[in-house]
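Comments concern the structure below.
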Amino acid sequence: ELKEIVFIIQSQSNSFHSKRAEDLKRDILKQAADLGKELPTVLLIHQMDGHEGAWTILPLMRDFSVTYGRNSSWIFFCEEDTRIQVVKLLETLGRFDGSKEWFLGKALYDEESTIIHHYAFAENPTIFKFPDFAAGWALSIPLVNKLAKKLKSEPLKSDFTIDLKHEIALYIWQKGEGPHLTPVPEFCTDDVNSYNVDHCATTFSNFLPLCGEPVKKEDVFVAVKTCRKFHGDRIPVVKQTWEREAALIEYYSDYADISIPTIDLGVPNTDRGHCGKTFAILERFLNHSSPRTPWLVIVDDDTLISIFRLRRLLSCYDPNEPVFLGERYGYGLGTGGYSYITGGGGMVFSRIAVQKLLASKCRCYSMDAPDDMVLGMCFSGLGIPITHSPLFHQARPMDYPKGYLSHQIPVSFHKHWNIDPVKVYFTWLAPNTEESLNGKKVGYHREDL
């Protein structure tokens, strides 16, 4: 029965995202009403109990078990851009015995072991499957109850959340004692309008959003963090690739090099975190750039980014809101920690977010503290939620499953390690004429990099 499915939408409180999630909720309920069925429960994760780590899902399992453990059969998770054919989903879940422990989804796997998964299954990473959240994934209630019981006796370790879909699959797998992910072909990430989605219970509607005209080039100020030892090898890559897309760009270093040119912020270079440098950049943006420039992007000197696509993405965000945007990681979320935007993929701030941060007096606890984590702590303390976009990437293209990247038009990648960064940029990120002309998804020749 439809009323036995609890839908959980991985929503966010930013106005653009919460509206999309509300639209999806309305669509699910309308489909249910049109069927004449008793309505299912549809929940938005950002509205649940104010838990900073609600997006990591596992901390909510006990609540799910207590609230839905008796009268429901399935918990179905999806993203705001997942599109659901309710009748097809009912049919699909109906093939599985809901009294058993099931973990269902569209299977992703690593081609080779990767740093973002701590080199898990190094012997053969392809054997371990984890769900593509964009396609939706489901847990049977007996499995939810089992996970809730385990969490009661063994609290979650309060360390890092880096790639949630992999970490949840590992937790459920329980070193081989729990269920593996069962691949479900009806959970799809093909575009809604694709010709081959007739069999799909779910599809995916969004490659790179556009909400009106892309923001103007002059509305995005780009700050590149560098240091003297990388002037010779990393900065030339920026100049050969994405620099030309930026109207306003400055390079910040520990040494003023007129040939680039770099600006010496008077902050010595540190080998570890760069908190002192990042806060100096934030102060400079607020006090020395035009107050009419609404957006600041801070990137590393080995970040590869498409400013063209970023301008398109930013058309969806209100610069009058405090926006802190990028790829979300978590620290200690099982025990009241905080979320943060990981720096290598690029950190995007609205001017008002920078104003609120600097007015708060929240600062680095040391010059070499990890800047991205300190920023996460500060914004968490201010009650300003970070905004996650899966289009920013802390690692290289080959560090992600091909199936995961296939439904993205990425905004950034990071690191030059063992790759030709210029080739990566032109294969994955460079704006081509078709994309510039009509904003549609185009076929890329993404060779194996």
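The values are calculated or read from the model by the stated rules, or taken from the named source; none is laboratory data. Just so it is clear, the model here is predicted, and its values are computed rather than measured. Note: ideal-geometry Cβ built from the backbone for every residue, glycine included; neighbour counts use all protein chains shown. Each accessible area value is taken on the protein alone, full model and side chains, heavy atoms only, with ligands, DNA and RNA left out. Shrake-Rupley method; radii C 1.70, N 1.55, O 1.52, S 1.80 Å.
Any chance segment 241-249 includes a residue that's buried (at least 23 other Cβ atoms within 10 Å of the Cβ) and in the same structural domain as Val222 (by the TED database)? It would help to see each step written out before you state the result.
Going through segment 241-249, the residues buried (at least 23 other Cβ atoms within 10 Å of the Cβ) turn out to be 242.
Now drop any that are not in the same structural domain as Val222 (by the TED database), which leaves 242.
Taking every residue of segment 241-249 in turn, at least one turns out to be buried (at least 23 other Cβ atoms within 10 Å of the Cβ) and in the same structural domain as Val222 (by the TED database).
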Check whether at least one residue in segment 374-396 is out of contact with any helix residue (DSSP H, G or I) (no Cβ under 7 Å at 6 or more places or on another chain), under 23 Å from His118 (Cβ atoms) and touching a residue at least 60 places away in the same chain (Cβ under 8 Å), and report yes or no.
yes
Just give me the residues in segment 39-56 being in a loop (DSSP other than H, G, I, E, B), farther than 19 Å from Leu89 by Cβ and open to solvent by less than 20 Å² (accessible area, probe 1.4 Å), in sequence order.
Gly53
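Of the residues Leu391, Leu437, only one is at pLDDT 95 or above and either more than 15 Å from the chain's Cα centre (by Cα) or aliphatic (A, V, I, L, M) (or both); which? Reasoning before the result, please.
Working: Leu437 fails: at pLDDT 95 or above.
Exactly one residue qualifies, and that residue is Leu391.
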Could you please find all residues in segment 274-315 being surrounded by fewer than 21 Cβ atoms within 10 Å (Cβ to Cβ), assigned to a loop (DSSP other than H, G, I, E, B) and not charged (D, E, K, R)?
Ser289, Ser290, Pro291, Thr293, Ser315
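Just to be sure before I move on: is Gly136 closer than 19 Å to Ala21 by Cα, out of contact with any Pro (no Cβ under 7 Å at 6 or more places or on another chain) and open to solvent by less than 60 Å² (accessible area, probe 1.4 Å) in the structure I sent? Don't jump to the end; show me each part of the working.
Values: closer than 19 Å to Ala21 by Cα: yes; out of contact with any Pro (no Cβ under 7 Å at 6 or more places or on another chain): yes; open to solvent by less than 60 Å² (accessible area, probe 1.4 Å): yes.
Yes: the conditions hold for Gly136.
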Where residues in segment 130-163 are within 21 Å of His388 (Cα to Cα) and assigned to a loop (DSSP other than H, G, I, E, B), which of them is modelled with the lowest pLDDT?
Ser158
